[in-house]
């Protein structure tokens, strides 16, 4: 039961990451494809967004944070696979998402995203290794899966609330 739950959580998290990276949590895929925005930045850390005249590192931090759980779930599910192959998977996943964004013109393709996503994966893998020195592996895995499920439920609740509010606003705007 535990393995099925942890693998299911990993699959759901990968789906959420794909939805986040490629579709920016958009409910309507047509909105994503309607923008036709294609840009390519191959210079690392060259173009952080500027908000109110100040450099905004928020997106880089979020990119890093969102890939920590992926690494933790990879460690929970694939004990026999070493650190470097897991890190390579995370980097390949991120690179693939960036290439898909460029091909389909659904966002900005940025090498900085690949670097920060991979850094997040690295931190997650290291966090698991460090925690595993002090916490029994089975207990650590259970905590990670339990926290992952709770966070997923919070995410679903927030997303459903946002979806309901946006539909109410759309209906109100149509009635005006």
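Values for this structure:
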item	result
Condition broken by residue 96, with the remaining ones in (1) assigned to a helix (DSSP H, G or I); (2) at pLDDT below 90 satisfied	(2)
Flag if residue 11 is at pLDDT below 70, more than 15 Å from residue 98 (Cα to Cα) and not in a loop (DSSP other than H, G, I, E, B)	no
Count of the stretch 100-131 residues which are part of a helix (DSSP H, G or I) and exposed (fewer than 14 other Cβ atoms within 10 Å of the Cβ)	3
The listed residue being without any contact (Cβ under 8 Å) to a residue 60 or more places away in the chain and touching a strand residue (DSSP E or B) at 6+ places or on another chain (Cβ under 9 Å), out of 111, 135, 99, 158	99
Conditions (1) part of a helix (DSSP H, G or I); (2) at pLDDT below 80; (3) within 22 Å of residue 150 (Cα to Cα); number of the one not met by residue 33	(3)
Evaluation of residue 90 against (1) in contact (Cβ under 8 Å) with a residue 40 or more places away in the chain; (2) part of a helix (DSSP H, G or I) (one fails), failing number	(1)
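The values are calculated or read from the model by the stated rules, or taken from the named source; none is laboratory data. Because the structure is predicted, anything quoted here is derived from the model rather than measured. Glycine gets a Cβ as well: all are built from the backbone with ideal geometry, and neighbour counts include every protein chain shown.
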